[in-house]
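Report on the following structure.
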Amino acid sequence: MSSATGPDSLGALLDRGDELAAGGDARGAVTFFQSALAAADGQQEADEATFERLRAAYAFVQSHMLRFTSALDDRFKAAVTSDPLEQLRLHHARDILNGEREIHAQQPSAFYYPYLAQRQFFERAEFDWVDALEARTPAIREELVHLLDSNADFQPYVEDEPNRPRRDFHALNNDPRWSALYLWRDGKRVAVNADRCPETMAALDRVPLTHIGRRTPAALFSRLEPGAHIPPHHGMLNCRLICHLPLIVPDGCWLRVGNETRLWEESKLLIFDDSIVHEAMNPSAEMRIILLFDIWRPELGPAEQASISAIFEAIDDLRGVDDL
């Protein structure tokens, strides 16, 4: 522990900060004032004179940071680009530098494929099949409505398995507030539902769905009841992206991935990396339903896709798993 009169004492830090500030070295002064403020947190209540000096140091730091942020914003505004993705990266870089956004990395729960870009959302314009799929939204929505009118068998999205330990999913285990009706599940076409949705299945045929061992493709209608909240969690793989085609979306329903939150808008795809922490909420008084499916990461070519699938086939064979 530093002595009361040593160079790292509270008084000495404040003195040095004052000296540098008077000499015009604002950046140096800020470092000493920040050290003094941090040191003060671990001490007993300061006397009145020291408290006033600490308050002045805090004001100096805040003033300097405001000037820094303003100057930084001017530089970012000067970095003009017409590319929406470049604009997004610049905007988020500024926010992270200003401490307004945290950095969230991929943390898949089952399998990490290295050296893929750490991106939360991917933009619709990056995929040449998106326009055609979105154009078929009315037909897909009509098939969904017919399913709802006939009381289709939506099941809880998180279901306990008798031969597996119970997953703790924040009280959503076996809870119909978050439910699913599968068209593809564990790499198999669910005929009882798929046969009733020919337009939807035809649209999915034109999408680069993943084929990962016996685990995917996966495609489903995902229903979130009024007031339901899907808590923060990570997906299993980072070699795929999750796609949401909003079909029935009340106002205010949102999806957060990492440090960015977006609203669902009917017929406009959201594409994201679910290995980054994400959560969702339906704060409305009506149900929200999307078509959910997964696609390969665009960086992965056919050879890598086949190799990843082969890895999971080997994993499943070694475990003796027939149906996942």
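The values are calculated or read from the model by the stated rules, or taken from the named source; none is laboratory data. As the structure is a computational prediction, the values presented were derived from the model and not from experiment. We place every Cβ from the backbone using ideal geometry, glycine too, and count neighbours over all the protein chains shown. Note: areas computed on protein heavy atoms with side chains; ligands, DNA, RNA excluded. Shrake-Rupley method; radii C 1.70, N 1.55, O 1.52, S 1.80 Å.
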_Nearest 500 deg cm²/dmol is fine: what mean residue ellipticity at 222 nm does the chain get from its DSSP H runs of n ≥ 4 alone, each adding -39,500 (n - 2.57), divided by its residue count?_
-12000 deg cm²/dmol
*Share of carbon and sulfur in the accessible heavy-atom surface of segment 208-324 [1.4 Å probe, %]*: 55
*Separation in nanometres of the label points that stand 7 Å from Cα toward Cβ, at Asp317 and Asn98*: 5.5
*May I ask you to rank Tyr113, Tyr58, Tyr157 by accessible area, largest first, using a 1.4 Å probe over the protein chains only?*
Tyr58, Tyr157, Tyr113
*Given charges of +1 on the Cβ of Lys and Arg and -1 on the Cβ of Asp and Glu, with all other atoms neutral, how large is the dipole of the chain about its Cα centre, in debye to the nearest 20?*
360
*Work out the length of the dipole vector of segment 237-324 about its Cα centre, built from +1 on the beta-carbon of each Lys and Arg and -1 on the beta-carbon of each Asp and Glu, and round it to the nearest 20 debye.*
280
*Amide H neighbours of Ala180 under 5 Å, at least 5 residues apart or on other chains, H built in the peptide plane: list them.*
Gln155, Tyr157, Arg223
_Net dipole in debye of segment 184-230 [+1 Lys, Arg Cβ; -1 Asp, Glu Cβ; about Cα centre; nearest 20]_ = 200
*How high is the relative contact order of segment 169-324, in percent, counting Cα pairs under 8 Å that sit 6 or more residues apart?*
28
*Quotient of C-alpha Rg and 2.2 N^0.38 Å, computed over the chain*: 1.34
*Ordering of 85-96, 286-297, 132-143 by burial proxy (mean other Cβ atoms within 10 Å per residue, highest first)*: 286-297, 132-143, 85-96
*Once Lys and Arg get +1 and Asp and Glu get -1 on their Cβ, which of Cys239, Leu224, Leu204 lies farthest toward the positive end of the dipole of the chain?*
Leu204
*State in Å² the accessible area per residue of segment 237-309; use a 1.4 Å probe, count heavy atoms of protein chains only, and round to the nearest integer.*
31
*With axes computed from alpha carbons, what is the tilt in degrees of helix 84-97 against the longest principal axis of the chain, rounded to the nearest 10 within 0 to 90?*
40
*Can you tell me how much longer the chain between Val190 and His211 gets when fully stretched, taken as 0.36 nm per residue apart minus their C-alpha distance, in nm with one decimal?*
6.0 nm
*If you count the DSSP beta bridges with both ends in the chain, what percent of them are antiparallel, to the nearest 5?*
100
